[in-house]
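Read the structure below first, then the notes.
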Amino acid sequence: MKRTTRNRLVAYSFLLPNFIGFLVFTLIPVLAALGLSFVKWDSYSPMQFVGLRNFQIMLKDSSFKIAFWNTLYFTGLTVPLTIVVSLMLALALNKGLRSVKIFRAIHFFPHVASTIAVAVVWQFLYHPDMGPLNQFLRMIGITDPPRWTASTTWAMPAVIIMSVWKSAGYYMVMFLAGLQGIPPHLYEVATIDGATVWQKFRYVTLPLLTPTLFFVLTMNLIYSFKVFDQIYIMTQGGPGRATMVLVYYIYMQAFINQNFGYASAMAAVFFLMILGVTIFQFRLQEKWVTYLD
């Protein structure tokens, strides 16, 4: 009995640092933010309890509505584009190409690079006058290329392109691991049955890749919803409010306008939105995700 108790204490001692970190840096801040959503506070004056007023203001705030739709716009394009690009790269590298490790490292490098540094480089590439991208477009005959981050129409697509480029390598590795986990004999059976390349992909590769696809979809959705770094560096929500997303708007209300109560209320709504989408995904996975027995 004493030995069992000792083993439990040893196990709990290993878990304790992680639990303390979660408690101090995650659970307590989340609960504090939830409490702040019901008060008016600028960090200088005393807190004033306002009940649901912050949430009522949110419903009438045009900037919040724009940030909400911009977040959906960014997510709605970034997620499918990233999945398609990363899957295509994984399929190419899974063909047994020479120097596959080198190509895998090249494609994975943008993910490990600092988002701040990458955003600064892309900001230079997108420069309307001196940027290499527009100079190339002029060379091939496009006399009036997009102004990219200086244009209300092209600013968000510019951020989306940069985001897909940066994250595709990481998800490519995920897809590549999933592809290499598919039993080769299934392709042999499909070949014997006369299946074409497309039929093998449609009826063998894609169904058995759905667990990886589910993971990539879930993680990419969460990442896209909470996009901030590239917006902060490249556009700062502009021009106008063309790239104003929820996380950046929450940051502005909290640390620029010193409106911590309203920012916390938006953060609470944002949390519930992500939680709802994640729960919906997990419930829906039973209908389309195929696991090998």
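The values are calculated or read from the model by the stated rules, or taken from the named source; none is laboratory data. None of the values given here were measured: they were computed from a predicted structure. Cβ coordinates were reconstructed from backbone atoms using ideal geometry, including for glycine residues, and neighbour counts include every protein chain displayed.
Give the residues of the stretch 238-255 that are under 26 Å from residue 147 (Cβ atoms) and either free of Cβ contacts under 8 Å to residues at least 24 places away in the same chain or part of a helix (DSSP H, G or I) (or both), sorted by residue number.
Those that are under 26 Å from residue 147 (Cβ atoms) and either free of Cβ contacts under 8 Å to residues at least 24 places away in the same chain or part of a helix (DSSP H, G or I) (or both): 246, 247, 248, 249, 251, 252.
Conditions tested, residue by residue: (1) of a type in the set (A, V, I, L, M); (2) under 18 Å from residue 230 (Cα atoms); (3) surrounded by fewer than 18 Cβ atoms within 10 Å (Cβ to Cβ).
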| position | (1), (2), (3) |
| --- | --- |
| 78 | no, yes, no |
| 95 | no, no, yes |
| 103 | no, no, yes |
| 117 | yes, yes, yes |
| 123 | no, yes, no |
| 131 | no, yes, no |
| Within the stretch 90-127, which residues are under 27 Å from the mean Cα position of the chain (by Cα) and in a loop (DSSP other than H, G, I, E, B)? | 94, 113, 114, 126, 127
| remark: Cβ pairs under 8 Å, 6+ apart or interchain, first in the stretch 276-293 and at pLDDT below 90 and part of a loop (DSSP other than H, G, I, E, B), second surrounded by 10 or more Cβ atoms within 10 Å (Cβ to Cβ) and among the hydroxyl-bearing types (Ser, Thr, Tyr), ordered by first then second residue, are 289/210; 290/210
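Looking at the stretch 159-180, can you tell me whether even one residue there is in a loop (DSSP other than H, G, I, E, B) and closer than 18 Å to residue 213 by Cα? Step through it out loud before you land on a result.
If we filter the stretch 159-180 for residues that are in a loop (DSSP other than H, G, I, E, B), which is where we start, we get none.
No: zero hits.
Every residue, every condition in (1) charged (D, E, K, R); (2) loosely packed, with under 15 Cβ neighbours inside 10 Å; (3) over 30 Å from residue 121 (Cβ atoms); (4) out of contact with any Phe, Trp or Tyr (no Cβ under 8 Å at 6 or more places or on another chain), yes or no:
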residue: 200; (1), (2), (3), (4): yes, no, yes, no
residue: 210; (1), (2), (3), (4): no, no, yes, no
residue: 220; (1), (2), (3), (4): no, no, no, no
residue: 279; (1), (2), (3), (4): no, yes, yes, yes
residue: 290; (1), (2), (3), (4): no, yes, yes, yes
| query | Got a number for residues in the stretch 256-275 being of a type in the set (S, T, N, Q) and without any contact (Cβ under 8 Å) to a residue 24 or more places away in the chain? | reply | 1
